[in-house]
Amino acid sequence: MKIERIHHVAYRCKDAKETVLWYQTMMNMDFVLAISEDLVPSTKASDPYMHVFLDAGGGNVLAFFELPTQPEMGRDPNTPDWVQHIAFRVKDRAELLEFRNHLESKGVDVLGVTDHGAFHSIYFFDPNGHRLELACPDPHEEMIHKRLDAVKWEMLEEWSRTKRAPKQASFLHASEFQQ
């Protein structure tokens, strides 16, 4: 038994049409389909919704629910804004920079390029307040992943004991990997 892939990931949105148009314009995603009902199929609750689906590339689907009868959407006040986000992979640094320029030209506030060692990324928010990340591979990605794979369990065990950042992956920000 094994999971094949993610079928879709669903988030809430403030306005389904605005969300579809934003993702088409800013992220170049195609609008795949919409489902709208007054009765929730899984719970049988009477709760009208619009469920929209966008093509996030590579067989991945990003979906949103607009729920007009529910209280205004909010965030977990105990979780920092930078934690919960959707990350999308782009081909390379040139495409990452092209996206950054495109987003900024449309008035989107973009943070980065941030160097994570194994990859580089930019961050910004969609009109619903969801934090998004575009990430591209580091030129040394394969070697870095091998080194990280070799220490992943050791790092997890140390973190579980101490709740402090283990140092086994400190090489990620060493000068040999800096751009």
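A short reminder: the numbers here are calculations on the coordinates, not readings from a lab. Bear in mind that the values here come from a model prediction, so they are computed numbers and not experimental data. Neighbour counts run over all protein chains shown; Cβ positions are idealised from the backbone, glycine included.
Could you please rank 123, 11, placing first whichever residue has the fewest other Cβ atoms within 10 Å of its Cβ?
By the 10 Å Cβ count, ascending: 11, 123.
Residue-wise, which Karplus ³J(HN,Hα) couplings in Hz belong to region 69-78, taking 6.51 cos²θ - 1.76 cosθ + 1.60, θ = phi - 60°, and x for glycine or proline?
Karplus-based 3J(HN,Hα) across region 69-78 equals 9, 8, x, 3, 5, x, 10, 5, x, 8 Hz.
Can you tell me the 0 to 90 degree angle between the C-alpha axis of helix 93-105 and the longest principal axis of the chain, rounded to 10?
Its long axis makes an angle of about 40 degrees.
With the alpha-carbon atoms as the only input, what is the per residue convex hull volume for region 83-179 in Å³?
Dividing the Cα hull volume of region 83-179 by its residues yields 112 Å³.
Only four residue types carry charge here, +1 at the Cβ of Lys and Arg and -1 at the Cβ of Asp and Glu. Report the dipole size of region 83-179 about the Cα centre in Debye, rounded to the nearest 20.
Approximately 320 debye in magnitude.
Considering the options 162, 108, 96, tell which one lies farthest towards the positive end of the dipole of region 83-179, charges being +1 on Lys and Arg and -1 on Asp and Glu at the Cβ, about the Cα centre.
The residue sitting farthest along the positive end of the dipole is 162.
Given [x] 21.7; [y] 13.6; [z] 10.7, which label gives mean projected area of the Cα convex hull in nm² as computed from the coordinates?
For mean projected area of the Cα convex hull in nm², the calculated option is [y].
For residue 85 and residue 6, calculate 0.36 nm times their separation in residues minus their Cα-Cα distance, and state this gained length in nm to one decimal.
Length gained between residue 85 and residue 6: 26.8 nm.
How do 94-101, 105-112 rank on mean C-beta neighbours within 10 Å, highest first?
94-101, 105-112
Residue 101 versus residue 172, label points 7 Å from Cα toward the beta carbon: distance in nm?
In this crude spin-label approximation the distance works out to 2.9 nm.
So if I take the centroid of the Cα atoms in region 100-115 and the same for region 46-85, what is the distance between those two points in Å?
Answer, in whole Å: 22.
About its Cα centre, what dipole magnitude does the chain give when the only charges are +1 on Lys and Arg Cβ and -1 on Asp and Glu Cβ, stated in debye to the nearest 20?
My answer is approximately 500 debye.
For a quick check of your reading of the filter: which GluC sites (Glu not before Pro) in region 11-93 sit in a DSSP loop and have no more than 11 other Cβ atoms within 10 Å?
72
For residue 127, what charge total do you get from the other residues with a beta carbon under 9 Å from its beta carbon, if Lys and Arg give +1 and Asp and Glu give -1?
Summing Lys and Arg as +1 and Asp and Glu as -1 gives -2.
What ranking do 52, 40 get, fewest neighbouring Cβ atoms within 10 angstrom at the top?
In increasing order of surrounding Cβ atoms, one gets 40, 52.
So what's the angle, to the nearest 10 degrees on a 0 to 90 scale, between helix 141-162 and the longest Cα principal axis of the chain?
Compared with the principal axis, the helix lies near 80 degrees.
Specify, per residue and in Å³, the volume enclosed by the convex hull of the alpha carbon atoms belonging to region 9-66.
For region 9-66, the hull spanned by Cα atoms encloses 76 Å³ per residue.
Listing 148, 156 from the residue with the fewest other Cβ atoms within 10 Å to the one with the most, what is the order?
Ascending number of Cβ neighbours within 10 Å: 156, 148.
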